[in-house]
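The values are calculated or read from the model by the stated rules, or taken from the named source; none is laboratory data. Since we're looking at a predicted model, the values are computed, not measured. Please note: Cβ atoms are built from the backbone with ideal geometry, for glycine as well, and neighbour counts cover all protein chains shown. Heads up: the accessible areas ignore ligands, DNA and RNA and are worked out on the full protein's heavy atoms, side chains in. Shrake-Rupley method; radii C 1.70, N 1.55, O 1.52, S 1.80 Å.
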Amino acid sequence: MHAYDQALMARLTLGIPSTDRPFAVLGDDLGMSEDEIAFRVERLLQQGGISRFGPLYESARVDEVRTLAAMWVPESELEEIAEQLAQYQAVVRCCSGDREYNLWFVLTAEKPAHITEAIREIERVTGYPVTDLTEHDQYIVPLALPI
């Protein structure tokens, strides 16, 4: 990975400037142009260097409910089921793991009943049970990792 990409990824872990032109601010911080930042972010997304680029928000502040959910599926079906989950509007993030559960995802909806409906639908379509790990308390811990 190019040193500029590493610097950009490290800077992104600190957050994205809340401005009309965040790439310009990032470029100023890193000694690159706004266009170069945009190009590098797009390339990192395409190459898998970063998996997601977008805002994170506190769902309770925008009248949404959310839950973390998890499943265990056979390794041979993991990619197929993850692709199925990505088709659901309520699923906003999905990732794999290697513990008791190997597929994790976040669901958001306007009402708790919609979360329950989505979970039941996912279970019906995939044939695998979903464990709902509804959050009760949220703690935000800022984290910046060296890249």
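Which condition number does residue 49 fail, the rest of (1) over 30 Å from residue 134 (Cβ atoms); (2) under 18 Å from the mean Cα position of the chain (by Cα); (3) part of a helix (DSSP H, G or I) being met?
(3)
Take the residues in the stretch 113-133 that are surrounded by 14 or more Cβ atoms within 10 Å (Cβ to Cβ) and in contact with an Asp or Glu (Cβ under 7 Å, 6 or more places away or on another chain); name whichever of them is nearest to residue 65 (Cα to Cα).
119
Restricting attention to the stretch 1-46, which residues are assigned to a loop (DSSP other than H, G, I, E, B) and of a type in the set (Asp, Glu)? Give the steps one after another, and end with the answer.
Applying the first criterion (assigned to a loop (DSSP other than H, G, I, E, B)) to the stretch 1-46 yields 1-2, 13-21, 31-33.
20 - this is the single residue of the stretch 1-46 that is assigned to a loop (DSSP other than H, G, I, E, B) and of a type in the set (Asp, Glu).
Can you find a residue that is under 30 Å from residue 124 (Cα atoms), open to solvent by 60 Å² or more (accessible area, probe 1.4 Å) and at pLDDT below 95 anywhere in the stretch 33-54?
Within the stretch 33-54, one or more residues are under 30 Å from residue 124 (Cα atoms), open to solvent by 60 Å² or more (accessible area, probe 1.4 Å) and at pLDDT below 95.
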